[in-house]
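Engineer: I'd like to ask you about the structure that follows.
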Amino acid sequence: MQAFLDIFDIYLLETVINGILFGGVLALLALGLNLIFGVIDVTWICYAELIMIGMYGMYYLVHVYGVPYWAAAPMCILLVAGMGALLHFLVIAPLLSSPPINQLLATGGVLFFLQSFATVAFGVEFHNIGIQLPVLRLGEMNFSYARLLSFAAALIGMVAVYVFMKRTYVGTAIRAIAQDRQIMALMGVDTRRIYLITSALGGGLAGLAACLLVLLYDVHPFIGLSIGPITFLICVLGGLGNFIGGFVAAFVFAEIISLGGMFSDLEWGYVLAFGFFIVMMFIRPAGLLSRRS
Amino acid sequence: MLTLKSVDAGYGSFQALFGVDLEVKAGEAVGVIGPNGAGKTTLMRVISGLIRPRKGSIAMQGTDVLATPAHRIVSLGIAHVPENRRLFPRLTVEDNLKMGAFMPEARRHHDERLAFVFDLFPRMKERRHQLAGTMSGGEQQMCAIGRALMSDPKLLLLDEPSAGLAPVVVQQVFELVKRIRAGGLTVLIVEQNVQQVLRVVDRAYLLEAGTIRGSGTAAEMLQSDTIKQAYLGV
């Protein structure tokens, strides 16, 4: 019995830590989407498909063209940042004053466009970037370096965004614009420019996520379908546009998935997480950290 | 300094201003008085570019304001303190002031301007890390005026600075306008509080139903029978 408990605790600890590592990546995913929603008031339904394209970018650069991972990652981030800006310029900007449903449908269209494009251009096969990172052994516990690395990079990315938002004029304008759009011109702020920068920033975060997820998963044209829904649920659970709420919700979700998966199959972890989400929508429909209005 | 010629403006099918002519000379304080819904706020918005007039011309020191993109008008030296203050409620006082110095020319002088604003409003220095939305109405008005002053403007547009404030605070706000004027700033102020505003301005216009119905020096306006009857209640 005592031996069982010792092993159980170690597994539990390992699972909790793995949940935290997973939560870091989820928090990064949620931040990009929250940023776009909070600032531009538009939901990028195709957010996960930008990540998918970024993952293909990494796969081709690293696996096919032999670019070192460290050099490929910034290129991939820039690529997806550019796609974010382009998405805003071509699709969102013309629809800014349209009803939200039109904006949703338009970005939904981009989702299917990117999926079909990836299927035609890259094929439906699963591709692996071909980087095998070792496993860290701590006593009885195992942690993959891929997860540790992605957690650290996600954290650095989020801290960088935080500092940018707090310290720079553009970052302050990004925070201000969500609070009062109409008077931004009085401050000398060109809202179109801020929207474009925000979109590039959101895209850049999707690009960073792509660089990290490609270490953990194979890429295929439909991988967005396994990344997208959970990212949206985290954002909604945290309160759409609420950065801190999204951050907290990401870790809550990750722990439910991780711990739920420990007692049964990993899929049950997801079932539990989505069940938890549905219950929370009844209890706190505006999100975990909703402001009372 | 600022010249409006036969300006028509409105929203959708509603016209709020009809052929408004108005002039503000350098160093002057000019008031625009009139009842609710006369078009006073529209007038301010047209000058700062928040809405564009349908007809007419606006010039600031010889520059065509209508040919300037809205977000560049503040660079012409026009700073607008909007109706209801419109601070960013969930930004700190300091960040609100920082937004006032957003344009590149102003950023370079951010620290000097911040010192100037803190000198003018020591209360803002005490509250610099507080969220703007949590302050009292009077403090928020100081912060809004401070934010406009961060851009080192030549012309300050004040839209109903006394609205929603307690009488004592209204006094303080008008005292403040006097002090800002004394610093050499040109001021255009829109007010319903006619009695008070006529004590701080040199000249005033009477705006009714979107039309300028009269103008004169503050003393003349105070003596005018129409104004006495309609606005001063004497």
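The values are calculated or read from the model by the stated rules, or taken from the named source; none is laboratory data. Computed from a predicted model, the values in this text were never measured in an experiment. Backbone-built Cβ (ideal geometry, glycine too); neighbour counts: all protein chains shown.
This table checks each residue for (1) more than 30 Å from B:Arg72 (Cβ to Cβ); (2) within 14 Å of another protein chain (Cβ to nearest Cβ); (3) small (Gly, Ala, Ser).
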residue	(1), (2), (3)
A:Leu114	yes, no, no
A:Val120	yes, no, no
A:Gly130	yes, no, yes
A:Leu136	yes, no, no
A:Gly139	yes, no, yes
A:Leu149	yes, no, no
A:Ile174	no, yes, no
A:Ala185	no, yes, yes
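Engineer: Kindly indicate which of A:Leu196, A:Leu225 is surrounded by 16 or more Cβ atoms within 10 Å (Cβ to Cβ) and either of a type in the set (A, V, I, L, M) or within 13 Å of the chain's Cα centre (by Cα) (or both). First the steps, then the outcome.
Structural biologist: Details: A:Leu225 fails: surrounded by 16 or more Cβ atoms within 10 Å (Cβ to Cβ).
Going through A:Leu196, A:Leu225 in turn, just one is surrounded by 16 or more Cβ atoms within 10 Å (Cβ to Cβ) and either of a type in the set (A, V, I, L, M) or within 13 Å of the chain's Cα centre (by Cα) (or both): A:Leu196.
Engineer: Among the candidates A:Ile156, A:Ile230, A:Ile174, which residue alone is part of a helix (DSSP H, G or I) and out of contact with any Phe, Trp or Tyr (no Cβ under 9 Å at 6 or more places or on another chain)?
Structural biologist: Just a single option satisfies the conditions, and that option is A:Ile156.
Engineer: Being under 13 Å from the mean Cα position of the chain (by Cα) and closer than 25 Å to A:Val135 by Cα: is that true of A:Ile257 here? It would help to see each step written out before you state the result.
Structural biologist: On the way: under 13 Å from the mean Cα position of the chain (by Cα): no; closer than 25 Å to A:Val135 by Cα: yes.
No; evaluated as a whole, the condition is false for this residue.
Engineer: For region B:99-117, how many residues are surrounded by fewer than 18 Cβ atoms within 10 Å (Cβ to Cβ) and away from chain A (no Cβ under 14 Å)?
Structural biologist: 3
Engineer: If you go through region B:210-234 one residue at a time, how many are outside any strand (DSSP E or B) and either at pLDDT below 90 or among the hydroxyl-bearing types (Ser, Thr, Tyr) (or both)? Break it down stepwise before answering.
Structural biologist: Step one: filter region B:210-234 for residues outside any strand (DSSP E or B), giving B:210, B:218-234.
With either at pLDDT below 90 or among the hydroxyl-bearing types (Ser, Thr, Tyr) (or both) added as a condition, the list becomes B:218-234.
So the count comes out to 17.
Engineer: Restricting to region A:38-67, give me the number of residues that are touching a His at 6+ places or on another chain (Cβ under 8 Å) and modelled with pLDDT under 95.
Structural biologist: Adding up the residues that qualify gives 2.
Engineer: Which is outside any helix (DSSP H, G or I), over 17 Å from B:Ser48 (Cα atoms) and more than 14 Å from the chain's Cα centre (by Cα), of B:Arg179, B:Arg128, B:Arg123, B:Arg113?
Structural biologist: On the way: B:Arg179 fails: outside any helix (DSSP H, G or I); B:Arg123 fails: outside any helix (DSSP H, G or I); B:Arg113 fails: outside any helix (DSSP H, G or I).
Of the residues listed, the single one that is outside any helix (DSSP H, G or I), over 17 Å from B:Ser48 (Cα atoms) and more than 14 Å from the chain's Cα centre (by Cα) is B:Arg128.
Engineer: Going through region B:19-58 one residue at a time, which ones are within 14 Å of chain A (Cβ to nearest Cβ), assigned to a helix (DSSP H, G or I) and among the charged types (D, E, K, R)?
Structural biologist: B:Arg45 - this is the single residue of region B:19-58 that is within 14 Å of chain A (Cβ to nearest Cβ), assigned to a helix (DSSP H, G or I) and among the charged types (D, E, K, R).
Engineer: Can you pull out every residue in region A:115-134 that is surrounded by 12 or more Cβ atoms within 10 Å (Cβ to Cβ) and free of Cβ contacts under 8 Å to residues at least 40 places away in the same chain?
Structural biologist: Correct list: A:Phe117 only.
Engineer: Among the residues of region B:59-82 satisfying the criterion of being within 19 Å of the chain's Cα centre (by Cα) and more than 10 Å from every other protein chain (Cβ to nearest Cβ), which is surrounded by the most Cβ atoms within 10 Å (Cβ to Cβ)? Give the derivation first.
Structural biologist: If we filter region B:59-82 for residues that are within 19 Å of the chain's Cα centre (by Cα), which is where we start, we get B:59-61, B:65-66, B:70-82.
Within this subset, residues satisfying the condition of being more than 10 Å from every other protein chain (Cβ to nearest Cβ) are B:59-61, B:65-66, B:76-77.
Values: B:Ala59: 17, B:Met60: 19, B:Gln61: 14, B:Val65: 24, B:Leu66: 15, B:Leu76: 20, B:Gly77: 18.
Going through the qualifying residues, I end up with B:Val65.
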